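Worksheet: one structure, shown below.
The numbers here are math on the coordinates, done by the rules we state, and not lab data. From a predicted model like this one, the values you see are computed outputs, not experimental measurements. So basically every Cβ, Gly included, is an ideal-geometry build from the backbone, and we count neighbours across all protein chains shown.
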Amino acid sequence: MGLIGRGLDLIFGDGRNVIAETAGIFRENAEKAGDREAAMKAAAMQQFAAEFAGQRKGLFDRIIDGANRLPRPILAFGTIALFVVAMVDPLWFSSRMQGLALVPEPLWWLMGAIVSFYFGARHQAKGQEFQTSVAETVARAATVSRNIEVLDGMRTPKPAPAAAPAASVAAPAGEANAALDAWRAGNGR
């Protein structure tokens with residue numbers, strides 16, 4: 001038992017577990033990782049608390065904070081409003097889009113760069129595709145206007161046609177109709 005005991009003492013001796021220590025080199029200890037993560041979150045929360053503790057925002061700070069929150073909702077609701085206006089008054093919408101077609105290309109590039117910087121991950125190709133689609137939409141404005149006129153013309157009530165004279169019930173010439181003959185006989189005609 002001495003040889004086996006020394007072999008086990010070599011692996012598990014002195015209160016250590018050589019297998020667990022060796023496995024710890026290749027695999028993270030989950031319990032210690034959880035402790036480190038909890039300590040990191042606590043430190044971050046303390047940093048946030050220290051940053052905002054004792055700060056009373058003035059009127060200017062509150063106004064700027066509110067203004068910083070406006071661009072995204074304004075652009076989102078503004079885009080939806082453009083779709084609504086395009087359906088309600090297509091000619092007004094088309095004339096405004098025609099005005100946008102007169103904007104020089106370098107200004108579109110500058111506007112695209114500002115919007116991409118503000119919102120992130122926007123690409124100039126999307127802006128150029130949008131400009132092309134606006135031009136195509138403006139080109140279709142005349143067709144849309146004619147179609148609306150045709151549709152409005154269909155709404156105008158037309159006079160009802162004159163009532164046709166009542167047709168007498170008779171069999172076509174040269175044909176016998178047994179059912180009609182039986183009905184005539186039953187009604188005394």
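May I ask you to list the trypsin sites (Lys or Arg not before Pro) in the range 18-83 that are in a DSSP loop and have at most 16 other Cβ atoms within 10 Å of their Cβ? Counting only loop positions with at most 16 other Cβ atoms within 10 Å, the trypsin sites (Lys or Arg not before Pro) in the range 18-83 are 27, 56, 57, 69.
Estimated from the Cβ-Cβ distance and a Förster radius of 41 angstrom, the FRET efficiency linking residue 117 and residue 86 is about 0.90. Annotation for the range 22-54: chymotrypsin sites (Phe, Trp or Tyr not before Pro) lying in DSSP loop with at most 11 further Cβ atoms inside 10 Å of their Cβ do not exist.
Once the piece of chain linking residue 151 and residue 79 is laid out straight, how much longer is it, given 0.36 nm per residue of separation minus the C-alpha distance between them?
Stretched out fully, the residue 151 to residue 79 stretch lengthens by 23.2 nm.
What is the calculated FRET efficiency for residue 27 to residue 51, with r their C-beta to C-beta distance and R₀ = 35 Å, to the nearest 0.05? For R0 = 35 Å, the calculated efficiency reads 0.45.
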